[in-house]
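Peer 1: I'd like to ask you about the structure that follows.
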Amino acid sequence: MILSITGFMGCGKSSVGRKLSQLLCCPFMDLDEMIEAEAGKSIPEIFAEIGERGFRQMELTVLSSVLSVKTEEGTTTILEIISLGGGTIMTKECAQIVRERTLCVYLKASVQTLSEHLEGETQGRPMLKGNVRERITELMAQRADTYENTAHIIIDIDGKSVDEVAENIRDEVERRHRGSA
């Protein structure tokens, strides 16, 4: 089974994913890094060249490819962890693939927490042009329901360290595994 991590930019998907991969002793993948490797360009360069629509299509292609190769039917053990981009599941097809082929964890954060995490770090984040707090509020209003409806597990990250969030996920995965055994 693949565990996917979703949530808004700045919620710690990659940091938590890397820590969780250590706790669960399994490999970690970052979808954005895979897209950059595939394209030979950074995310901002891809957005500048082909726009958000083109980027989302590329994202769907890479995600579909990774999950079709990695998914093992009937497996309840976490074999791999993948952190998704903040907008990955906003594409209906991506949300469906993630929901059906992974155990999806949503790292839920308040606008305040996200604003603090992203303060001064908007370089390389094409979706955050303009007033960062307003843009986060606007995008979260559009995305929150999709995050919650796609996820199998929701972890509130406000006030927690990366280690605490990773441990919360590990504990929840283990609890679910014991419940299905």
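Every read-out reported here was derived from the displayed coordinates using simple, explicitly stated rules and does not represent laboratory data. Being a predicted model, the structure only gives us computed values, none of them experimental. Note that each Cβ is placed from the backbone with ideal geometry, even for glycine, and that neighbours are counted across all protein chains shown.
Peer 1: Looking for whichever is surrounded by fewer than 16 Cβ atoms within 10 Å (Cβ to Cβ) and under 15 Å from Cys11 (Cα atoms) here; the options are Gly130, Gly159. Which one fits?
Peer 2: Gly159
Peer 1: Identify, please: which residue in the range 4-37 is farther than 20 Å from Met140 by Cβ and among the basic types (Lys, Arg) and is, among those, surrounded by the fewest Cβ atoms within 10 Å (Cβ to Cβ)?
Peer 2: By that ranking, first place goes to Arg18.
Peer 1: Same structure, new question: What single numbered condition from (1) within 15 Å of Glu164 (Cα to Cα); (2) among the charged types (D, E, K, R); (3) not in a helix (DSSP H, G or I) fails to hold for Lys19?
Peer 2: It fails just one condition, (3).
Peer 1: Checking Arg143 against (1) more than 14 Å from Thr6 (Cβ to Cβ); (2) surrounded by 12 or more Cβ atoms within 10 Å (Cβ to Cβ), which single condition isn't satisfied?
Peer 2: Just one mismatch for Arg143, condition (1).
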